[in-house]
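The values are calculated or read from the model by the stated rules, or taken from the named source; none is laboratory data. On a predicted model such as this, the values are computed, not experimentally measured, just so you know. Cβ coordinates were reconstructed from backbone atoms using ideal geometry, including for glycine residues, and neighbour counts include every protein chain displayed.
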């Protein structure tokens, strides 16, 4: 990717996460990125296209990070699903954590017909499918049910941590996830 396009994307990501999407105008983005509107619009035809690109990049970065962490285990599928929330806790408690882009975007664009909301919803489903795949690999009978439960814990804890860092929500979610996973493994 072009270095200037990447810079605009990174600056936009940072500003959207810290100030909000609707509160961040194109003028602010180009000023912080040290570029012009013409250059921004060369790479992203509209602000909506920029927002969609930010969501896609943020989701891909998180997924790559999670795949790397789980791939580094080299253990059994049961170990991978049991470590999932440990890695999520690591990510949420890191100093660089600013939230999950698709959760914030769906709150700012609540209309289900909006492309930004639709992408946010799709990314939520993709993460649930990711969890379901881990559960299937661990031979869990109701992999989809467990994935739904774990994704609810994940999204709720992340929202609570976005509202108040260090709230303890992620630690509680991790304990609840362990209980749900242990039960699901025993029932399989």
Check your understanding: For the subset of the range 39-53 comprising residues that are crowded, with 17+ Cβ neighbours inside 10 Å and more than 23 Å from the chain's Cα centre (by Cα), which member is nearest to residue 22 (Cα to Cα)?
Key -> 40
Exercise for review: Just give me the residues in the range 105-117 being touching a residue at least 40 places away in the same chain (Cβ under 8 Å) and part of a helix (DSSP H, G or I), in sequence order.
Suggested key: 105, 108, 115, 116
Point to revise | Residue list for the range 83-104, restricted to those being farther than 19 Å from residue 129 by Cβ, assigned to a helix (DSSP H, G or I) and touching a residue at least 60 places away in the same chain (Cβ under 8 Å) | key: 86, 89, 92, 104
Review point. Across the range 64-114, which residue is nearest to the chain's Cα centre (by Cα) among those that are closer than 24 Å to residue 143 by Cα and exposed (fewer than 12 other Cβ atoms within 10 Å of the Cβ)?
Key: 64
Review point. Just one of the numbered conditions (1) free of Cβ contacts under 8 Å to residues at least 40 places away in the same chain; (2) in a helix (DSSP H, G or I); (3) under 25 Å from residue 162 (Cβ atoms) is not true of residue 39; which one?
Key: (3)
Review point. Which condition number does residue 18 fail, the rest of (1) part of a helix (DSSP H, G or I); (2) out of contact with any helix residue (DSSP H, G or I) (no Cβ under 8 Å at 6 or more places or on another chain); (3) modelled with pLDDT of 95 or more being met?
Key: (3)
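So that you can scan it fast, the table gives a plain yes or no per residue for (1) part of a helix (DSSP H, G or I); (2) assigned by TED's automatic domain parsing to the domain that holds residue 70; (3) more than 19 Å from residue 59 (Cα to Cα); (4) under 20 Å from the mean Cα position of the chain (by Cα):
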position: 119; (1), (2), (3), (4): yes, yes, no, yes
position: 127; (1), (2), (3), (4): yes, yes, no, yes
position: 146; (1), (2), (3), (4): yes, yes, yes, yes
position: 152; (1), (2), (3), (4): yes, yes, no, yes
position: 167; (1), (2), (3), (4): no, yes, yes, yes
Practice item. Give 29, 21, 8 a once-over and let me know the one that is without any contact (Cβ under 8 Å) to a residue 24 or more places away in the chain and surrounded by 15 or more Cβ atoms within 10 Å (Cβ to Cβ). Key: 29
